[in-house]
1. Throw me the Rg/Rh for segment 10-109, computed over C-alpha atoms with Kirkwood Rh, two decimals.
2. With a Förster radius of 25 Å, plug the Cβ-Cβ distance of residue 30 and residue 85 into 1/(1 + (r/R0)^6) and report the FRET value to the nearest 0.05.
C-alpha cells in the first residue's frame, strides 16, 4: 500500500499492461524466427555444425532468458506502488542481470558449452 507517494493511474497501468502483452507476442514471433534461423546452421560441415549449433543454441537461449527477465521486470514494475519500490525492483534486476550476463559471456567464450 502506498503511503503519500505517487499513485500510478489505472489508465497508465492498463496501457502499460497492453504494451507488455503486445511486446511479448512480438517477441514470441521473433523467437520462432530465431529458432528457425539457428536450425539453418546445420548446412555447414560437421565440425562447424557442432560449434555453430552450440553457440547459436546458447545465444538463442540467453536471448530468450534475458528477454523473459525483462518481461518479469516490466510486470513487477507495473505492480509497484511507489517510486521507492520501482527503484528497489530496478536495482534488484540490474544486479541479477549483471551476474547473468557475466555467466553468459563466460559460457560463450568457452564455445557455448553449458555446465
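All of the numbers you see were taken from the coordinates with simple rules; none came from a lab. Everything quoted here is computed from the prediction, not taken from an experiment. Note that each Cβ is placed from the backbone with ideal geometry, even for glycine, and that neighbours are counted across all protein chains shown.
1. 1.11
2. That gives a FRET efficiency of 0.25.
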